[in-house]
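Scroll down for the structure; my scribbles are underneath it.
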Amino acid sequence: MTDAVPPKGRGPLARREARLAWGLLAPTVAIVSAVVILPLLAIFWISFKPVGLADLRPPAPVVRESLRGSGDDLRLQYRLRNSSRDIAISGVTITDTLPPGLSVRQADSRCDVSDGQIFCDIGDLKPGGRDEIELSVAADRDADELGEEAESSAPSVSGNAPNILTNAEFTLENFARIFDGDEFWGVLGVTLFYATVGTIGALVVGLFAALLLDRSFRGQGVLRGLYLFPYVAPVIAVAFTWVILFDPFSGSANALLIRMGVTESAINFFGDRPLALIMVTIFEIWRYFPLSFLFILARMQSIPEDMYEAADMDGASPFQKFWFLSLPQLLGILSVLFLLRFIWTFNKFDDIFLLTGGNAGTRTLTVSVYEQAFAVSNIGAGAAVAVVIFGCLLLFSAFFFKVISREEGL
Amino acid sequence: MSALRHGYVTAALLGMFWTVTVAVTVAVAMSFLTGAPFRPSLLLSITTGALAGVGCLRGRAGIAVAAVGLLAIGLLGLGPVQTGEVGLFSDAAGQALAAAAAVLGLQSFLRGLPFGRLTRHEFEEAIIRFLTGFGYVFFTAIVAIPFYVMVMTSLKNQQQLVQNPLDFSIDLSRGWNLFDSYVELMTVFNFGSYLWTSFYVAVLTVILTLAFSIPGAYAVARMRFRGAAVFSRSILLIYMVPMIVLALPIYIGYSMVGLRNSVIGIVLIYPVTTIPVALYMLQGYFRGLPAEVEEAGLMDGLSRLAVIWKITLPLSLPALASVSLYVFMIAWNEFLLAFMLLDDPSKFTLTRGIASLDSSEIPRQHLMAGSVIATVPIMAIFLGLERFMTRGLTAGSVKG
């Protein structure tokens with residue numbers, strides 16, 4: 001009789017479970033990698049390429065067909081144009097079918113005609129170049145009608161042009177351009193100020209709100225719901241409300257301040273240099289304090305009551321209880337929230353874009369991605385900024401995972 | 001510090017702070033309600049507040065004296081709230097409000113406080129009661145004012161807005177014309193169709209997100225396989241990738257494939273932005289379910305998929321509700337992708353539609369009416385299901 005030994009390695013059951021698990025995960029993995037991983041790779045690729053917004057449409061030959069003249073002088077004409085002003089197209093060809101009733105009498109030397117099929121080999125087209133092909137034809141029906149028929153069937157045209165997105169031309173110019181000059185460091189500074197102050201502010205205000213609501217009274221649910229409004233409302237709605245409220249000419253805030261005698265003339269809240277950044281940061285705090293308040297409140301309500309009873313027995317005062325008991329208990333969630341919110345604020349785009357559009361010294365890294373790519377039409381430079389953001393993200397998240405595995409045991 | 005711990009010092013200090021708070025609040029509130037000039041006076045607030053605070057220590061008689069005194073000097077024009085050209089009624093109402101709020105607050109902060117030396121407990125509890133009262137006023141004001149401005153501006157017309165930007169009172173004599181901006185948005189600007197597009201895009205996003213994230217979350221939470229931990233972390237990492245980084249290549253790709261400017265393109269992309277969040281929230285909830293129930297199902301001969309369908313899902317209905325709500329909110333509020341990918345007004349979502357109202361030719365009450373249209377449905381859903389929302393937000397994300 002052999003001794004019973006525990007099985008070694010992975011048995012068939014474990015393998016079956018792993019197979020099922022991957023089967024369940026497969027759709028998610030597939031779609032997420034299609035929409036997240038691929039674009040990320042694309043961003044890296046593009047950041048090393050000199051691409052502008054106009055290059056998204058690769059250069060192509062454009063052709064227009066028309067039937068000209070009349071009687072013996074009837075000609076079928078193809079006019080070609082290179083859509084790009086900078087890049088030549090090689091190996092341009094046209095293929096077309098003659099409408100019935102039209103026959104070719106004499107073809108251009110570059111064209112072949114057989115069975116009503118026309119095939120023309122034009123060769124190269126210079127940047128911005130034009131070309132024209134004429135075939136003299138004979139019609140056995142009404143010429144106008146034939147002309148319409150001929151023009152309605154579009155000829156197919158092909159040609160090879162180097163596509164800037166797929167060729168092997170690489171450049172470091174994008175990175176050189178964004179790191180060049182003081183602008184980048186200014187933008188980075190603004191981003192760090194916005195992320196740090198916005199995050200800490202939202203945490204402190206959220207902690208205050210959580211302390212207020214950490215007791216049960218009538219209407220507590222209503223107040224909690226009310227305090228979550230800034231987070232739940234669409235960002236575009238609240239951002240525009242702030243812009244209108246603080247408008248320098250007809251905003252209520254300015255009217256109020258002038259009437260109260262705080263200021264003599266209207267303040268341009270979102271247009272003056274240090275003030276705009278401060279306002280944008282306050283908006284960030286206002287909009288996201290509900291999130292930290294929710295998390296802190298949830299953690300607070302799970303602190304065991306007997307710890308406070310013990311503190312009471314020892315004669316601790318309310319401030320001491322907060323400082324020596326609640327705060328250490330909340331430190332874990334506060335640090336996790338800080339890192340998470342810091343990363344998110346660092347990545348935030350919509351808020352600043354809607355409030356100031358990145359003007360008046362509020363341009364953050366994310367806004368400059370948009371600016372470079374769409375306002376300056378330099379997609380390559382925009383992608384380079386995006387790569388920088390992604391690098392920062394990796395750095396922060398490495399740190400984040402270190403902390404979260406200590407705090408939450410993930 | 002110990003000098004502060006005398007009843008009369010504490011009362012005077014709290015009286016100052018609280019009266020200033022009340023004066024500012026009442027002035028702002030009355031200005032917004034009536035459009036007339038109300039102004040807090042810092043100096044008068046501090047002096048009268050200190051006196052009222054000390055008065056409130058002196059029992060019922062003291063409280064009554066403080067209340068009547070505040071009201072009287074307020075009406076004489078020397079109180080914490082100063083008024084300009086104001087009707088008699090609103091002046092009296094404002095002064096009464098200020099006096100009542102100041103005294104009621106103070107007497108509850110200072111309840112049971114002796115006149116002389118205070119113990120540390122008495123002192124700190126009074127401070128905490130003051131901070132609590134201040135907190136409620138502060139938070140309610142900062143949350144309510146922007147939404148109040150949003151709604152009231154949408155009910156005005158251009159002329160009224162320019163005349164007095166402070167006047168948010170409603171002119172009831174205009175009757176149904178109050179809602180002119182809304183009618184115009186619905187008829188001329190096609191907001192009805194935007195509303196519908198936003199709605200079905202959000203619902204489709206919820207369905208697709210759940211379809212992908214339920215199996216994924218179950219696998220991560222319950223099954224043992226190599227790479228589970230790495231997978232769970234990469235979900236979180238993807239959750240943190242900024243949308244603008246992805247939006248650029250998606251814009252390029254969609255331009256090439258021809259999906260740009262189509263609702264299908266939007267419906268394809270939204271779930272991907274929400275799947276990581278949903279997966280993360282759901283796996284947290286699935287981990288919390290007792291595994292024994294599922295094992296019992298397995299022992300009774302159900303397959304894994306049948307266990308998920310018949311046991312796990314019915315048990316996690318609350319979590320599914322909160323995840324759906326959260327995903328709906330994200331899809332409804334999404335702005336960046338809609339803004340970048342949609343150009344054709346017939347395919348706009350609500351947020352994109354509002355963005356198109358932001359031009360100097362369109363009066364701003366229209367912009368605010370559009371904002372109200374976008375905000376009200378999500379608020380209504382949210383207030384109705386607030387319980388699910390708060391639980392769902394915190395459940396998955398605090399504990400991994």
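The values are calculated or read from the model by the stated rules, or taken from the named source; none is laboratory data. Note that the structure is a prediction, hence the values are computed from the model and not measured. Neighbour counts run over all protein chains shown; Cβ positions are idealised from the backbone, glycine included. Protein only, heavy atoms only, side chains kept; ligands, DNA and RNA dropped before computing areas. Shrake-Rupley method; radii C 1.70, N 1.55, O 1.52, S 1.80 Å.
A few points about this structure:
- Positions within the stretch B:67-107 being under 18 Å from A:Leu256 (Cα atoms), open to solvent by 40 Å² or more (accessible area, probe 1.4 Å) and of a type in the set (Gly, Ala, Ser), in sequence order: B:Gly84
- Breaking point among (1) more than 7 Å from every other protein chain (Cβ to nearest Cβ); (2) modelled with pLDDT under 85; (3) open to solvent by less than 50 Å² (accessible area, probe 1.4 Å), for A:Phe249: (3)
- Checked against (1) within 9 Å of chain B (Cβ to nearest Cβ); (2) open to solvent by 40 Å² or more (accessible area, probe 1.4 Å); (3) out of contact with any Lys or Arg (no Cβ under 9 Å at 6 or more places or on another chain), A:Phe319 passes all but a single condition, namely (3).
- Meets criteria (open to solvent by less than 10 Å² (accessible area, probe 1.4 Å), at pLDDT below 85 and not acidic (Asp, Glu)) for B:Phe335: no
- Residue count for the stretch B:319-370 satisfying the condition of being more than 16 Å from B:Pro271 (Cα to Cα), acidic (Asp, Glu) and either within 20 Å of the chain's Cα centre (by Cα) or within 10 Å of another protein chain (Cβ to nearest Cβ) (or both): 1.
- Total residues in the stretch A:348-384 satisfying the condition of being among the hydroxyl-bearing types (Ser, Thr, Tyr), away from every other protein chain (no Cβ under 11 Å) and open to solvent by 10 Å² or more (accessible area, probe 1.4 Å): the figure is 2.
- Candidates A:Phe295, A:Phe322, filtered to the one that is more than 20 Å from B:Val28 (Cα to Cα), in a helix (DSSP H, G or I), at pLDDT 90 or above and not small (Gly, Ala, Ser): A:Phe322
- Within the stretch B:224-261, the set of residues being within 9 Å of chain A (Cβ to nearest Cβ), among the β-branched types (Val, Ile, Thr) and part of a helix (DSSP H, G or I) comprises B:Ile235, B:Ile238, B:Ile244, B:Val245, B:Ile250, B:Ile252.
- Counted residues, the stretch B:260-298 - those being closer than 25 Å to A:Phe44 by Cβ and free of Cβ contacts under 8 Å to residues at least 24 places away in the same chain: 2
- Enumerated helices (runs of 4 or more DSSP H) restricted to the stretch B:346-400, each holding at least 3 residues that are at pLDDT below 80 and open to solvent by 10 Å² or more (accessible area, probe 1.4 Å): B:386-398
- If you go through the stretch A:230-246 and keep only what is of a type outside the set (Val, Ile, Thr) and either in contact (Cβ under 8 Å) with a residue 12 or more places away in the chain or open to solvent by less than 10 Å² (accessible area, probe 1.4 Å) (or both), you end up with A:Pro230, A:Tyr231, A:Ala233, A:Pro234, A:Ala237, A:Ala239, A:Phe240, A:Trp242, A:Phe246.
- Restricting attention to the stretch A:344-383 and to residues that are in a helix (DSSP H, G or I) and of a type in the set (S, T, N, Q), the residue that is modelled with the lowest pLDDT turns out to be A:Gln372.
- Residues in the stretch A:31-74 that are in contact with a strand residue (DSSP E or B) (Cβ under 6 Å, 6 or more places away or on another chain) and surrounded by fewer than 16 Cβ atoms within 10 Å (Cβ to Cβ): A:Val62, A:Arg64, A:Ser66, A:Arg68, A:Gly69.
- Residues that are of a type in the set (S, T, N, Q) and either open to solvent by 40 Å² or more (accessible area, probe 1.4 Å) or at pLDDT 90 or above (or both), drawn from the stretch B:1-32: B:Ser2, B:Thr19, B:Thr21, B:Thr25
- Taken over the stretch B:108-134, the residue count meeting the criterion of being open to solvent by 20 Å² or more (accessible area, probe 1.4 Å) and not in a helix (DSSP H, G or I) is 7.
- Number of residues in the stretch B:262-286 that are at the interface with chain A (Cβ under 7 Å from one of its Cβ atoms) and surrounded by fewer than 20 Cβ atoms within 10 Å (Cβ to Cβ) equals 0.
- Within the stretch A:181-229, the set of residues being loosely packed, with under 14 Cβ neighbours inside 10 Å, assigned to a helix (DSSP H, G or I) and either charged (D, E, K, R) or facing chain B (nearest Cβ under 10 Å) (or both) comprises A:Glu183, A:Val222.
- Close Cβ contacts (under 9 Å, 6 or more residues apart or on different chains) running from residues in the stretch B:196-221 that are within 12 Å of chain A (Cβ to nearest Cβ) to residues that are not in a helix (DSSP H, G or I) comprise B:Ser198/B:Phe348; B:Ser198/B:Thr349; B:Ala202/B:Glu334; B:Ala202/B:Thr349; B:Ile214/B:Ser316; B:Ala219/B:Phe225; B:Ala221/B:Leu289.
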